[in-house]
Amino acid sequence: MTIKKIHHVAYRCHDTKATVEWYLKYLHMDFVLAIAEDSVPSTKEPDPYMHVFLDAGNGNILAFFELPNSPPMGRDTNTPAWVQHLAFEVDSEEEMMNVKQRLEADGIEVIGPTNHTIFKSIYFRDPNGHRLELAVNTGTAQMYQQLDDVKWAMLEEWTRTRKAPMHAKWMHTQEFNQ
């Protein structure tokens, strides 16, 4: 079997209309589909929902469910809030900074830009509290090759020690993080 692509990624939302409008306004995603049901097709449970789909570019679809009869949304409290997030790649640092400016102008807190050596990014939350990241690649072919060369060794060392391997320590030197 070969996976062709991610068909869609689905998250929960508080208000589908507000969510669609937010993603249109700030990330310029197109609203491509809405499905509403009174029962869950896979389980036949009676649970009305609205399911919307947004075009995140290149055939990538971001979807949301509004579930009015379910308890309020929560998150995995055993996982730090910074871990679970959705990252979108943009074409340029200028484009990323323009989004940052629009978000901040409307009172939305933005962290960054953060320099990850091979990319720079900003972080913010959508109206449902989901953490989002916009990233622009800044690495060179040589940098990506160096990381590719050590990925398996890093994974093996991590598996044995559960401590951060130093195979890519160069990423954290002053030379690369200016």
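Summary of computed values
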item: Hits among lysines - C-alpha to C-alpha of Lys169 under 28 Å, sequence gap 8 or more where chains match; result: Lys120, Lys151
item: Relative contact order (percent, whole number), the chain, Cα cutoff 8 Å, 6+ residue spacing; result: 17 percent
item: Residue-wise HN-Hα coupling along the stretch 2-11, computed from phi with Karplus coefficients 6.51, -1.76, 1.60 (Hz; x: Gly, Pro); result: 10, 6, 7, 5, 7, 5, 6, 10, 10, 10
item: Model label zone, Asp30; criterion: amide N under 20 Å from point 7 Å along Cα-to-beta-carbon; scope the stretch 89-121; result: 89-91
item: GNM result for the chain, Cα springs below 10 Å: residue of Gln142, Gln101, Gln84 fluctuating most strongly; result: Gln142
item: Structure-based [θ]222 nm, the chain - -39500 (n - 2.57) summed over DSSP H runs of at least 4, per residue, nearest 500; result: -8500 deg cm²/dmol
item: Neighbour-limited loop hits for trypsin sites (Lys or Arg not before Pro), the stretch 71-103 (at most 15 other Cβ within 10 Å; DSSP other than H, G, I, E, B); result: Arg75
item: The stretch 22-93: GluC sites (Glu not before Pro) in DSSP coil with no more than 15 other Cβ atoms inside 10 Å; result: none
item: Förster-model FRET efficiency, 30 Å R0, Glu109 and Ala164, C-beta, rounded to 0.05; result: 0.60
item: Amide H partners (placed H, <5 Å) of Thr138, local residues excluded; result: Phe119, Lys120
item: Dipole in debye (nearest 20) - the chain, about Cα centre, beta carbon charges: Lys, Arg +1; Asp, Glu -1; result: 580 debye
item: Sparse-neighbourhood loop sites, chymotrypsin sites (Phe, Trp or Tyr not before Pro) in the stretch 14-115 - DSSP loop, at most 10 other Cβ within 10 angstrom; result: Trp82
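Every number in this text was worked out from the coordinates using simple rules, so none of it is lab data. Remember, predicted model here, so these are calculated numbers, not experimental data. Because the Cβ atoms are built from the backbone with ideal geometry, glycine has one as well, and the counts that use them run over all protein chains shown.
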